Each structure stands twice: as C-alpha cells, then as structure tokens.
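Every read-out reported here was derived from the displayed coordinates using simple, explicitly stated rules and does not represent laboratory data. These figures come from a predicted structure and were not determined experimentally. In this analysis, Cβ positions are derived from the backbone assuming ideal geometry, glycine residues included, and neighbour counts consider all displayed protein chains.
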Amino acid sequence: MSKAILELEKMPDACYGDGCPFFKITGICDILSSRNNYMPVLVPREGRHPDCPLKPKKEE
Ligand code: SF4
C-alpha cells in the first residue's frame, strides 16, 4: 500500500484560513498549480477546492 509522503496534524476544512501549508495568500494552491503546469490555480473562498489532493488518514 502506498504511504503518504506528508502527514498534517489536522486536515484543513478550507483552503482559506485553516492552516493548509499549500495555500498561498494570493488565493492559490501550490499543489494544484504544480499539477497544472505551474499555471496558478485559484481556490474557492469557502471550503476546499473540489480537486484538493489531501486525503484523510485511514485508521489501521
Ligand atoms: S486545495 Fe487542498 S491542498 Fe490546495 S490549498 Fe486547498 S486545502 Fe490546501
């Protein structure tokens, strides 16, 4: 089974203001932008972007 390469203390509920390390103050997601050939991808004001790649950890 593949293993996460990064674990966050808390799953962000929203891109804005919830401590996501990939959110940039200009309203851009670093991960989604890198997957978009480094063209900036703006995130919604509320909640997480529908293509957010963060996944909750499955309890084992
Ligand atoms: S889409 Fe996901 S990874 Fe990107 S800024 Fe929002 S919460 Fe963070």
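Numbers for the structure displayed
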item	result
Alpha-carbon Debye profile of the chain, log10 I(q)/I(0) at 0.19, 0.25 Å⁻¹	-0.71, -1.10
Net charge dipole size for the chain [Lys, Arg +1 and Asp, Glu -1 on Cβ; Debye, nearest 20]	160
Cα lying deepest toward the dipole's positive end in the chain, options 41, 54, 14, charges on Cβ	41
Cut-off under 5 Å, modelled amide H: who pairs with residue 18 long-range	none
DSSP-assigned coil residues among trypsin sites (Lys or Arg not before Pro) in the range 21-60, each with at most 14 further Cβ atoms within 10 Å	35, 45, 57, 58
